[in-house]
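Please read the structure below before turning to the comments.
The values are calculated or read from the model by the stated rules, or taken from the named source; none is laboratory data. All values reported here derive from a predicted model rather than from experimental measurement. Cβ placement follows ideal geometry from the backbone for every residue including glycine, while neighbour counts extend to all protein chains displayed.
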Amino acid sequence: MEWDALAALRLQIEFGADEALEDAPVDRLRPALGGAPVAAAGRTWEAATPAAVPLLATPTRDPPHVSSADLAAEAAAGASTLAALYSAIAGFDGCALRDTATQAVLPAGDLAAGLLLVGEPPAAEDDRAGRPFAGRAGGTLDRMLASISLDRSKLLLAPLIPWRPPGNRPPTAAELAICLPFLHRLIELSAPRRVVLLGTLAARTLLGATRRRSPAWTEMVLPGTARRFPVLAMPAPAAVAQGPAERRAAWVALRLLRRALDVDLTQM
């Protein structure tokens, strides 16, 4: 047996075998990796190179979401003058209220008045006229101001938000968040000595927890700044005609306003 194995090995050497056999048969026709030539039936060809395995892509993060309120804040901050602010309001399309309103209701009056009156969201008359305190509410406001010797043309008047909500419904919290940067910027640019808030919604929105039930002067800190403004909240003109309690509160607030303005005159 040993002699036969040795004789078989010598025979393989004489036949030209120069490598040991593997345990499993080798398929010589299978393309080799790496593109090495493969011989078969007297021919050679380049073996197909397997497709490169793509590297795992680094997961990309979605860009941070920019809300409409952020866009409004950016547009308002970019306005360096009141004229530029009005243009920014008129050209802003990030609030759905714009699509249902006739036009933007922009501030009106004397930009250097030193007294800013902020009213409720625009009503139907304001929406058609494009100015705040139009229609019957405007007439009531004129009589209220005349009772303490004031004229709206010598004051700066602005709505809480620039666009009328459909059907005069209250604006949502999201709509207020979008619109408030424009009002805050208006206050910052006009720098009034005093601010009067007409209506419960205006007082609640701008004063929050510092809002008082009875008319009294308080301070409002302008968001994003350290500036403080004296603020007086009073009933809206439309509410004055609803009952004696609102009329009494309005009259108390008007008297407080008149006294404060007289003090301001002595200090100028």
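Check Ala90, Ala158, Ala146, Ala79 and return the single one that is over 29 Å from Trp251 (Cβ atoms), aliphatic (A, V, I, L, M) and at pLDDT 95 or above.
Ala79
If you check Ala209, Ala226, Ala203, which single one turns out to be of a type in the set (Gly, Ala, Ser) and modelled with pLDDT of 90 or more?
On the way: Ala209 fails: modelled with pLDDT of 90 or more; Ala226 fails: modelled with pLDDT of 90 or more.
Matching residue, one of Ala209, Ala226, Ala203: Ala203.
Of all residues in the stretch 107-126 being surrounded by fewer than 24 Cβ atoms within 10 Å (Cβ to Cβ) and not aliphatic (A, V, I, L, M), which is nearest to the chain's Cα centre (by Cα)?
As a first pass, look at the stretch 107-126 and keep what is surrounded by fewer than 24 Cβ atoms within 10 Å (Cβ to Cβ): 107-115, 123-125.
Pick out the ones that are also not aliphatic (A, V, I, L, M) and you get 107, 109-110, 114, 125.
Details: Pro107: 21, Gly109: 28, Asp110: 29, Gly114: 29, Glu125: 28 Å.
Once the filter is applied, the top-ranked residue is Pro107.
Within the stretch 76-101, take every residue that is more than 25 Å from Arg128 (Cβ to Cβ) and part of a helix (DSSP H, G or I) and give me the one that is farthest from the chain's Cα centre (by Cα).
Among those residues, the one meeting the criterion is Ala84.
Among the residues that make up the stretch 137-151, is at least one of them in a loop (DSSP other than H, G, I, E, B), closer than 18 Å to Glu246 by Cβ and not acidic (Asp, Glu)? Step through it out loud before you land on a result.
Our first condition is that a residue be in a loop (DSSP other than H, G, I, E, B); within the stretch 137-151, this holds for 147-151.
Checking the rest, the ones that are also closer than 18 Å to Glu246 by Cβ come to 147-148.
From what's left, not acidic (Asp, Glu): 147-148.
Yes - at least one qualifying residue is present in the stretch 137-151.
Quick check, is Arg164 more than 28 Å from the chain's Cα centre (by Cα), buried (at least 18 other Cβ atoms within 10 Å of the Cβ) and closer than 17 Å to Val105 by Cβ? Break it down stepwise before answering.
Details: more than 28 Å from the chain's Cα centre (by Cα): no; buried (at least 18 other Cβ atoms within 10 Å of the Cβ): yes; closer than 17 Å to Val105 by Cβ: yes.
Considered against the rule, which asks whether it is more than 28 Å from the chain's Cα centre (by Cα), buried (at least 18 other Cβ atoms within 10 Å of the Cβ) and closer than 17 Å to Val105 by Cβ, Arg164 comes out as no.
Cβ-Cβ below 9 Å, separation at least six or inter-chain, first residue in the stretch 153-164 and among the β-branched types (Val, Ile, Thr), second assigned to a loop (DSSP other than H, G, I, E, B): which pairs?
Cβ pairs passing all conditions: Ile161/Cys95; Ile161/Val105; Ile161/Pro121; Ile161/Pro122; Ile161/Pro171.
Which condition from (1) in a loop (DSSP other than H, G, I, E, B); (2) surrounded by 11 or more Cβ atoms within 10 Å (Cβ to Cβ); (3) in contact (Cβ under 8 Å) with a residue 12 or more places away in the chain is the one that Asp264 breaks?
Condition not satisfied by Asp264: (1).
With the stretch 152-247 as the region, which helices (runs of 4 or more DSSP H) entirely inside it contain at least 2 residues that are in contact with a strand residue (DSSP E or B) (Cβ under 7 Å, 6 or more places away or on another chain)? So that I can check it myself, show each step before the final result.
Details: elements: 173-190, 200-207, 237-240.
Helices (runs of 4 or more DSSP H) meeting the threshold: 173-190, 200-207.
Is it the case that the stretch 228-248 has a residue that's within 28 Å of the chain's Cα centre (by Cα), of a type outside the set (Lys, Arg) and surrounded by fewer than 17 Cβ atoms within 10 Å (Cβ to Cβ)?
yes
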